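Each remark here refers to the structure printed beneath this line.
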């Protein structure tokens, strides 16, 4: 492990410069250059064909849907769209590449010169986007042996199911002047991209699944020097927390090196979940990829009218939508932050409100009971197994007084068990609240008789003591009593 | 009977098979027998698929017997250059690297042939990965020119051309990157056409240089080549560079051969010093025949053609260096030195070092260098500019004339071994053919008599504007007609007495 300098001390002495290269796997039905199934996983090497296996004689054909997604991503990032651009071959040997070149784009990216504004704690930061380009993913190598890396492996297994998955690379220009906020802004930018990809519907954008990965570049320059220092590039960082952690770590590591009069080596580094980075490949002797225009593909010419058609399909920008919904729902900033922090919840709440529930109740169920269940099972909220319409149905029963919140949880159990509609579950499980005065009156009389001291307090005017009696009655009636009516009856009888 | 089959044209065989005068099986057997009889001397084939060919022929016979109407070449056998993938049939590109590899899929061209009922006899020899002008770089030994077995049959498609000239097949398919169809056609006295780039699909054709490679027909007569062209050409969605346009009317043009009123330009840069006088003499006579047939002949200058060869030898190897990177011993083909002690990288290196021949390695090295950072602009970049200038020369020329003509090659067939140590002389074999590849225009080589110097075939090249492949055939047919023997025979018919059994003696 390297020496680290105290973060605040680094900030006193140095200015960090940030650069982010984000790879996004598209969720197109087929791969970038062939008709193979693009869904992840499957038995190794079953989602392959002569093209993505790079067999002799095979030729690529561009997936039009992937180009469409690339342009929509570019437009959502306020980029220019190239009216004419080509693919290029990036030549290097590696066993996870079936052709030993990656079909990518080089000096003619499909989208370029964009920007996004990122809000962090009330401040807005502008991130300039240099380019968005299209390429293909490689296969997956599994190295058997102690090292887990290709060097020193006993043998390696290769699965080409992922080979040819469409990848978009989104590259920022150097981002300067963020100071101590550098890691936080980087994280917020990633969160923004993730949200954007989901809103565009172009990628599942699940960082933990590798749908979205970030190469985080950072360098330090003496404070006020206005030069760029030597950078390190931490590869394939795959969570928001890790992006922030890797940058903090690299800033502290580089600070220590520079303060000690040593130099930062330009290299790639690997992030370890325990909170540190280790050196990877040195880039001092830069590999020569011998890029040249891909002769097997014709140029992509995105006509202006097509681009405008695609522009019309862009969703409302996530930040704008958040602001609009927050106002419509009347949420406080803090409440809205919980919504933003729970992936998928904004869509679910919106759908639940559309289905007739109040915003507050929709938020309560999704971020409370249902988020808890999703967390327990380690799944996304949207995968929890209850629909927005069902949540609205449950809330309708609560609003009607048929059930209370506690009984509602049992209704969710029933929904997840597939026992039918909320109404059917309430009927089948006998969950309806008892509000019949006859039954409640008897229970109240019994409770008063069982707790004469409490009853006396209430008679003496200590109305808040009624809670103890209500609790006892609820317990006796297994939560099914209409608590409000019980309270009324107690006070009537003891006044 | 056998001889009558072997020397017949493909169109004639197709017609007789369709009329049920002949069966596809008996025709196929005749050619398989001929291969068995002569290929020991010619070595045109790397693999003869007798079983597969007879099965295909039986299928055609059954369909015809059932009254199905098939195309004009149904049941006619063909020799396929061993660069085309054919599912389940060994495909080597004449390289040790792919020895024993059986593709799990078929090239679009292969599939179109099979769909048209054309019977594929087997896979023909070529220079390794199509890199050469003589078939001498084949890892499995050279092919010999049926006109003189001490001489090369041209390359890379020497196997296909020699198969035609020795009556082992009436049809063949080749690929042309810098002349690999036309130059072998010229030196074997057969017809070979490189279609407009994008006119035939490259899908399933083992790549040499993607921006230059183009499959095309080979035959002994112009009409046969045109009939074959019509079968293999046309849009293929699996090849992005394939043109989505109707196939030019090549068969009509080949049947017509009418050049009256056509303006034909003689490229002044393709001739003169370095050309065999015998070649130039026959070429001049060929042009005179075209004039006599009613064409107007003019001289046309294409000043940048002189740079074509140099630019070609930068662009082609650049693409080669990338296209051949996939041969790495991981997924298919040869693997050398994998004894459990070596790393993946070492096995890759050993395999590529062992299984590629010298010419392949030379081009990979040149191409790697030309694309390297710091050299790219000077080499690959400049070569691309030359390419643009050559295309402009063609544009300017075709503003004045309907087609351009030149000798197909500067010399007739040279002796085996003669140029293997003189690469520049070897590369110069393609001097006349390369410009068409650089610009993507269609071009064909047609027999133009025998050189008075050495008695070997001379070819006349016709080049036309993109998508005007029909003009190539029209001029080729006019020349064929003008040079026809009294019995209508074509140049290669003169080899019949030598290569076919019981053939009537030469008149």
Exercise for review: Test residue A:146 against the criterion of being part of a loop (DSSP other than H, G, I, E, B) and either more than 22 Å from the chain's Cα centre (by Cα) or closer than 27 Å to residue A:253 by Cα (or both), and give yes or no.
Suggested key: yes
Exercise for review: Give the number of residues within region A:26-47 that are in contact with a strand residue (DSSP E or B) (Cβ under 6 Å, 6 or more places away or on another chain) and closer than 20 Å to residue A:170 by Cβ.
Suggested key: 4
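So that you can scan it fast, the table gives a plain yes or no per residue for (1) more than 14 Å from chain B (Cβ to nearest Cβ); (2) on the phi < 0 side of the Ramachandran plot; (3) within 33 Å of the chain's Cα centre (by Cα); (4) touching a residue at least 60 places away in the same chain (Cβ under 8 Å):
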site	(1), (2), (3), (4)
A:243	yes, yes, yes, yes
A:258	yes, yes, no, yes
A:266	yes, yes, yes, no
A:280	yes, yes, yes, no
A:288	no, yes, no, no
Check your understanding: Among the listed residues B:198, B:272, B:261, which satisfies the condition of being at pLDDT below 95 and part of a loop (DSSP other than H, G, I, E, B)?
Key -> B:272
**Study point:** Residue list for region B:60-97, filter: surrounded by fewer than 24 Cβ atoms within 10 Å (Cβ to Cβ) and in a helix (DSSP H, G or I)
**Key:** B:61, B:62, B:63, B:64, B:65, B:96
Practice item. Consider residue A:135 carefully, then state whether it is at pLDDT 95 or above and assigned by TED's automatic domain parsing to the domain that holds residue A:59. Key: yes
Point to revise | Answer residue from region A:73-84, given it is part of a loop (DSSP other than H, G, I, E, B) and under 31 Å from the mean Cα position of the chain (by Cα) and is farthest from the other protein chains (Cβ to nearest Cβ) among those | key: A:78
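Checking the condition more than 14 Å from every other protein chain (Cβ to nearest Cβ), in a loop (DSSP other than H, G, I, E, B) and more than 26 Å from residue B:314 (Cβ to Cβ), which residue from B:117, B:100, B:122, B:132 passes?
Answer to the selection: B:117.
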Point to revise | Candidates B:297, B:315, filtered to the one that is part of a strand (DSSP E or B) and at pLDDT 95 or above | key: B:297
Exercise for review: Output yes when any residue across region B:40-49 is over 26 Å from residue B:81 (Cβ atoms) and assigned to a helix (DSSP H, G or I), and no when none is.
Suggested key: no
Study note, to complete from the structure: When region B:200-220 is checked residue by residue, the ones that are farther than 19 Å from residue B:383 by Cβ and facing chain A (nearest Cβ under 9 Å) are B:201, B:202, B:203, B:204, B:205, B:206
Revision key, fill the gap. Filter region A:107-128 for residues that are part of a loop (DSSP other than H, G, I, E, B) and crowded, with 21+ Cβ neighbours inside 10 Å; the one that is nearest to the other protein chains (Cβ to nearest Cβ) is A:110
Point to revise | Within region B:103-114, considering residues that are within 14 Å of chain A (Cβ to nearest Cβ) and crowded, with 24+ Cβ neighbours inside 10 Å, the one nearest to residue B:353 (Cα to Cα) | key: B:103
**Study point:** The listed residue being surrounded by fewer than 23 Cβ atoms within 10 Å (Cβ to Cβ), within 14 Å of another protein chain (Cβ to nearest Cβ) and in contact with a helix residue (DSSP H, G or I) (Cβ under 8 Å, 6 or more places away or on another chain), out of B:375, B:427
**Key:** B:375
Check your understanding: Could we say that residue B:338 is more than 8 Å from chain A (Cβ to nearest Cβ) and either part of a loop (DSSP other than H, G, I, E, B) or without any contact (Cβ under 8 Å) to a residue 24 or more places away in the chain (or both) here?
Key -> yes
Check your understanding: Filter region A:91-106 for residues that are more than 30 Å from the chain's Cα centre (by Cα) and surrounded by 19 or more Cβ atoms within 10 Å (Cβ to Cβ); which is farthest from residue A:295 (Cα to Cα)?
Key -> A:95
Exercise for review: Name the one entry in B:494, B:471, B:498, B:481 that is crowded, with 21+ Cβ neighbours inside 10 Å and at pLDDT 95 or above.
Suggested key: B:471
Check your understanding: How many residues does region A:4-58 contain that are assigned to a loop (DSSP other than H, G, I, E, B) and either within 25 Å of residue B:105 (Cβ to Cβ) or within 29 Å of the chain's Cα centre (by Cα) (or both)?
Key -> 31
Check your understanding: Which of the residues spanning region A:423-442 are free of Cβ contacts under 8 Å to residues at least 24 places away in the same chain and assigned to a helix (DSSP H, G or I)?
Key -> A:424, A:425, A:427, A:428, A:429, A:438, A:439, A:442
Point to revise | Unique match (being closer than 30 Å to residue A:347 by Cα, outside any helix (DSSP H, G or I) and at pLDDT 85 or above) among A:401, A:414, A:420, A:393 | key: A:420
Practice item. Looking only at region A:175-188, decide whether some residue is in contact with a helix residue (DSSP H, G or I) (Cβ under 7 Å, 6 or more places away or on another chain) and on the phi > 0 side of the Ramachandran plot. Key: yes
Point to revise | One residue from A:101, A:33, A:87 being more than 30 Å from residue A:318 (Cα to Cα), within 14 Å of another protein chain (Cβ to nearest Cβ) and in contact with a helix residue (DSSP H, G or I) (Cβ under 8 Å, 6 or more places away or on another chain) | key: A:101
Check your understanding: Yes or no: residue B:396 farther than 26 Å from residue B:173 by Cα and either within 14 Å of another protein chain (Cβ to nearest Cβ) or touching a strand residue (DSSP E or B) at 6+ places or on another chain (Cβ under 8 Å) (or both)?
Key -> no
**Study point:** Residues of region A:449-479 that turn out to be out of contact with any helix residue (DSSP H, G or I) (no Cβ under 7 Å at 6 or more places or on another chain) and not in a helix (DSSP H, G or I), as a count
**Key:** 4
Point to revise | Checklist (1) within 14 Å of chain B (Cβ to nearest Cβ); (2) in contact with a strand residue (DSSP E or B) (Cβ under 8 Å, 6 or more places away or on another chain); (3) without any contact (Cβ under 8 Å) to a residue 24 or more places away in the chain applied to residue A:64, failing item | key: (2)
Point to revise | Criterion (at pLDDT below 95, within 23 Å of residue B:162 (Cβ to Cβ) and outside any loop (DSSP other than H, G, I, E, B)) met by exactly one of B:57, B:4 | key: B:4
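The values are calculated or read from the model by the stated rules, or taken from the named source; none is laboratory data. What you see is a predicted model, and the numbers here were worked out from it, not measured in a lab. Backbone-built Cβ (ideal geometry, glycine too); neighbour counts: all protein chains shown.
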